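Report on the structure given below.
The values are calculated or read from the model by the stated rules, or taken from the named source; none is laboratory data. Since the structure is predicted, the reported quantities are computational estimates derived from the model, not experimental observations. Cβ coordinates were reconstructed from backbone atoms using ideal geometry, including for glycine residues, and neighbour counts include every protein chain displayed.
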Amino acid sequence: MPLNQTSLVGRTPYGVRRAASACRLVFAMALALSGGAAQAQNTKQPASPPGQTAPNPATSNPSSARPVAEPGPQAVPGFWDPRRRPDRPDLSRLTVIRFLTETDYPPFNFTGPDGNPAGFNVDLARMICDEIKVTCTVQMRRFETLLDAISSNRGDAIIASLAVTPQLRARLDFSDPYYRVPARFVSRKDSVMREIKPEFLEGRKVGVIAGTSHEAYLKAMFTDAELHAYPNDEALRIALRRGEVDFVFGDAISLAFWINGTDSGDCCAFSGGPFVESRYFGEGIGIAVRKGNDLLRQALNWALFRLWEKGRYTDLWLRYFSVSPF
């Protein structure tokens, strides 16, 4: 059975689009709860995954003790090494950047209440333009038209959560990754584990969406877990809430929005840290440019590094993601 991915057309792997409608419902709540500036002071450098407490000492039987969750510092994706600072290109040769993005992929890109482009990717594009000091435009298009639009010179760069895949690398060049979509385990709040290893889940019931790269990863790495496959996110999450499975494993970004939204009933939390093996979960998300447009690609890499170095990328991430997928 083929993996349930859309990476052939460049979307993020393993079907993040499934969470788009759910993201709309909880997006306002996520922004309200994020407290970006207040949280950013703890995350000026990429942080470790949130930690949890040790098992409850009041439990008389240590073998049956279960750890409980406690808030941890927000983690922000970091692909930039301060020891490998990119050279500043000759930005005087750039006069305008025409960004292309998608119309309906919240919270990354969507049409705002005023009819203008909005979202994480759109705000990042504007920050890049501000850093480079160049005039920019952001045009929204249907996702399936983006590749043809840039190929026919109707835009210069696609910033629409494109997964960097071998298929797309054959057609386009990419900036350095600016985020990735890790996989994570989620459990009920009374069963949170600080760390998850294959031996920890021996005989435990783990839910996953059938036919996805997440299922393939579990079958390869967590061979002693008892896997339960579900047809969609809704069925998977209902099973966790009802206690039919001990954990679910999936796309951490959509799971973060679910955890923080009303549909979860405040039932659940992440267990363990992120899984980012590129063989299963992709190389990351980059900004696409036409083949051979090295000046623009280098300018984007320089600007992304500068935004991270100044803490502006961190502030933006925390404004959109109150529950970090990392």
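Some observations on this one:
- Cβ separations smaller than 6 Å between residues 6+ apart or across chains give the following pairs from the range 294-307 residues that are over 15 Å from Ile97 (Cα atoms) to residues that are of a type in the set (A, V, I, L, M, F, W, C): Phe305/Trp80; Leu307/Met127.
- Applying the criterion of at least 3 residues that are under 16 Å from the mean Cα position of the chain (by Cα), under 30 Å from Phe247 (Cα atoms) and at pLDDT below 95 to the strands (runs of 3 or more DSSP E) found wholly in the range 105-208 leaves 157-163.
- Meeting the requirement of 2 or more residues that are modelled with pLDDT of 95 or more, the helices (runs of 4 or more DSSP H) wholly within the range 211-262 are 213-221, 233-241.
- Contacts under 9 angstrom Cβ, first residue in the range 263-292 being under 20 Å from Asp176 (Cβ atoms), partner in a strand (DSSP E or B) and among the hydroxyl-bearing types (Ser, Thr, Tyr), 6 or more apart: Gly284/Tyr179; Ile285/Ser161; Ile285/Tyr179
- Residues satisfying the stated conditions in the range 279-310, i.e. outside any helix (DSSP H, G or I) and either modelled with pLDDT of 95 or more or within 18 Å of Cys129 (Cβ to Cβ) (or both): Gly286, Ile287, Ala288, Val289, Arg290, Lys291, Gly292, Asn293, Lys310
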